[in-house]
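Novice: Pasting in a structure now, in structure tokens, and then I'll have a few things to ask.
The values are calculated or read from the model by the stated rules, or taken from the named source; none is laboratory data. As the structure is a prediction and not an experimental result, all values here were calculated from the model. Note that we place each Cβ from the backbone using ideal geometry, even for glycine, and neighbour counts take in every protein chain shown. For the accessible areas, the whole protein counts, side chains as well, though only heavy atoms, and no ligand, DNA or RNA atoms are used. Shrake-Rupley method; radii C 1.70, N 1.55, O 1.52, S 1.80 Å.
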Amino acid sequence: AIQLTESGGGSVQAGGSLRLSCIGSGFEFRRYCMAWLRQTPDKEREIVATIEGDGEAVYYRAVRGRFTISRDNDKSSVSLQMDNLAPEDTGTYYCATDVLSCPRYVDVFDDWGQGTQVSVSP
């Protein structure tokens, strides 16, 4: 079965940085879209960033220029470097995947990880 193992969440002050990592198994990693999704404290769900198998990345407007998604197909891993964090970035971050190309809607993703908490203090 598809498994996504996340790490890197934590608490940071505004302006700080965190790096999230995810290891995927149980599927042909290099062919699959990988993504980072988040759920805010008010339960809103957002696509933070997606990355195609060939490395093409798309970012949620609110994080563009501050976050960077990357993948290493040889290691079946995807990372999210988050810089200049703000309190509105607080939420539960999920590693997610979908077969082939990346969806444009958060609810379409086939598989989600367990999530890792990110808390940004003023």
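Novice: Working only within segment 90-105, note down all residues that are in a loop (DSSP other than H, G, I, E, B) and small (Gly, Ala, Ser).
Specialist: 101
Novice: Name the pairs: first residue in segment 79-99 and closer than 15 Å to residue 5 by Cβ and modelled with pLDDT of 95 or more, second residue open to solvent by less than 40 Å² (accessible area, probe 1.4 Å) and not in a strand (DSSP E or B), Cβ to Cβ under 6 Å, at least 6 apart or on different chains?
Specialist: 94/113; 94/115; 95/113; 96/109
Novice: Only one of these is aliphatic (A, V, I, L, M) and assigned to a loop (DSSP other than H, G, I, E, B): 1, 49, 35. Name it.
Specialist: Going through 1, 49, 35 in turn, just one is aliphatic (A, V, I, L, M) and assigned to a loop (DSSP other than H, G, I, E, B): 1.
Novice: Do we have any residue at all in segment 27-35 that's without any contact (Cβ under 8 Å) to a residue 40 or more places away in the chain, surrounded by 13 or more Cβ atoms within 10 Å (Cβ to Cβ) and farther than 19 Å from residue 117 by Cβ?
Specialist: So the first thing to find is which residues in segment 27-35 are without any contact (Cβ under 8 Å) to a residue 40 or more places away in the chain, and the list is 28.
Those still in the list that are surrounded by 13 or more Cβ atoms within 10 Å (Cβ to Cβ) too: none.
Checked against the condition, which is being without any contact (Cβ under 8 Å) to a residue 40 or more places away in the chain, surrounded by 13 or more Cβ atoms within 10 Å (Cβ to Cβ) and farther than 19 Å from residue 117 by Cβ, segment 27-35 yields no hits at all.
Novice: Can you name the residue in segment 37-62 that is in contact with a Gly (Cβ under 7 Å, 6 or more places away or on another chain) and among the polar types (S, T, N, Q) and is also surrounded by the most Cβ atoms within 10 Å (Cβ to Cβ) among such residues?
Specialist: As a first pass, look at segment 37-62 and keep what is in contact with a Gly (Cβ under 7 Å, 6 or more places away or on another chain): 38-41.
Retained after the next criterion (residues that are among the polar types (S, T, N, Q)): 39-40.
Numbers: 39: 15, 40: 13.
Out of the qualifying residues, it is 39.
Novice: With the requirement that a residue be buried (at least 16 other Cβ atoms within 10 Å of the Cβ) and assigned to a loop (DSSP other than H, G, I, E, B), what does segment 68-89 give you?
Specialist: 73, 76, 85
Novice: Then there's this: Hey, among 9, 65, which residue is touching a strand residue (DSSP E or B) at 6+ places or on another chain (Cβ under 7 Å), open to solvent by 20 Å² or more (accessible area, probe 1.4 Å) and over 14 Å from residue 98 (Cβ atoms)? So that I can check it myself, show each step before the final result.
Specialist: Details: 65 fails: touching a strand residue (DSSP E or B) at 6+ places or on another chain (Cβ under 7 Å).
Every option except 9 fails the conditions.
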